[in-house]
Amino acid sequence: LYHRLDLRIARRVQLPGSALTLFLEVLNVYDRKNVCCAEDFKFLPEPDGDVRVDRREGFWLGRLPSFGLIWEF
């Protein structure tokens, strides 16, 4: 099950002939390990004839803070 919580705070400042937006955001606030993909599969035969699948999973990034500005003119 994939889920995450992202937060963003922004402040827009009006300038003569343009606007500046400053922001701070945090992606995946509670740092959940979300599976993105299967990186490797191994098929392991069992003595009873069944085949067990062993997979190694990859994960999305954990908590990711960022900040920036957007200048519109």
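Points worth noting:
- Extension gain for Arg52-Leu20 works out to 5.9 nm (0.36 nm per residue, less the C-alpha to C-alpha distance).
- Sulfur and carbon atoms: percent of accessible area, the chain [1.4 Å]: 60
- Of all stretches in the chain that contain no trypsin sites (Lys or Arg not before Pro) in a DSSP loop with at most 13 other Cβ atoms within 10 Å, the longest one is 1-32.
- Using a probe of 1.4 angstrom and keeping all protein chains present, the accessible surface of the chain works out to 86 square angstrom per residue.
- Note on Leu69 and Ile9: the extension gain reaches 20.4 nm, defined as 0.36 nm multiplied by sequence separation minus the Cα-Cα distance.
- Cα extents of the chain along the three principal axes, largest first (Å): 77, 22, 14
- From phi via Karplus (6.51, -1.76, 1.60), per-residue ³J(HN,Hα) for the range 49-64 in Hz, x at Gly/Pro: x, 6, 10, 9, 9, 10, 10, 10, 9, x, 10, 5, 4, x, 4, 9
The values are calculated or read from the model by the stated rules, or taken from the named source; none is laboratory data. Note that the structure is a prediction, hence the values are computed from the model and not measured. Cβ: placed from backbone, ideal geometry, glycine included. Neighbour counts: every protein chain shown. Note: areas computed on protein heavy atoms with side chains; ligands, DNA, RNA excluded. Shrake-Rupley method; radii C 1.70, N 1.55, O 1.52, S 1.80 Å.
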